[in-house]
Amino acid sequence: MKDQNQYRLKAWELALLCALSLTLSAAVWAQGSVQRIEDGLIRLHVLAVSDDGEEQQIKLRVRDAVLSFLSPELETVTDKAEAERIVSKSLPQIRAAAESAAEGREVAVTLTRERYPTRRYGSFALPAGEYDSLRVILGEGQGHNWWCVVFPPVCLGAESEEALSDAVGEDTFEILCADGETSLRFKLLELWGKLTR
């Protein structure tokens, strides 16, 4: 009789085992979702020379010039790897487009991996994480910046939500448009991103 009782779990041990199982399941789900979001996008980051009003206006003109160049280049692209190849191959042309609007400011353009904070874009938000990023830096890049998603073309057109949904999957997109009951899942993604980075 004593041997049978020694293999029974006590209530607190069973509760602890259930909590651990739920935590591990949530972590696996969050890691997969965050990875799917990060791996499906190329973000655009334009940094101004300074916070001076004129420099901020130039930053916006540079943004417009870069997006004007990229729009036709990425218009029909549906695959992130292809978009990344096009952006990488086009870095000299992207720099030339940025320089045309930079009014003589030094321009640096790179395609790199970069850490982003959580950011809301109209009806959806992207959790903090490390994303492939097209960085356009004006001068020393000490001013406020401007962020968007260049692939899928979220900052390029009206079909941005559909393109984003295609890139990250419909279930994940619903989380990004979090309100009401799904906001808890988005908060879990944010928390996971902070814990793992």
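The values are calculated or read from the model by the stated rules, or taken from the named source; none is laboratory data. This structure is a prediction, so every number in the text was calculated from the model and none was measured. Neighbour counts run over all protein chains shown; Cβ positions are idealised from the backbone, glycine included. Remember, those area values only see protein heavy atoms, side chains included, never the ligands or the DNA or RNA. Shrake-Rupley method; radii C 1.70, N 1.55, O 1.52, S 1.80 Å.
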Exercise. Scan segment 132-143 and report the pairs whose first residue is on the phi > 0 side of the Ramachandran plot and whose second residue is open to solvent by 10 Å² or more (accessible area, probe 1.4 Å), with Cβ atoms within less than 7 Å and a gap of 6+ or a chain change.
Key: 139/49; 139/105; 139/106; 141/47
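Restricting the search to segment 63-78, which residues are open to solvent by 70 Å² or more (accessible area, probe 1.4 Å) and either at pLDDT 90 or above or part of a helix (DSSP H, G or I) (or both)?
64, 68, 72, 73, listed by residue number.
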Quiz item: Out of 98, 108, 81, which single residue is under 21 Å from residue 144 (Cβ atoms) and in a helix (DSSP H, G or I)?
Solution: 98
Practice problem: Could you list all residues from segment 104-135 that are touching an Asp or Glu at 6+ places or on another chain (Cβ under 9 Å) and surrounded by fewer than 13 Cβ atoms within 10 Å (Cβ to Cβ)? | Solution: 106, 112, 113, 115, 122, 123
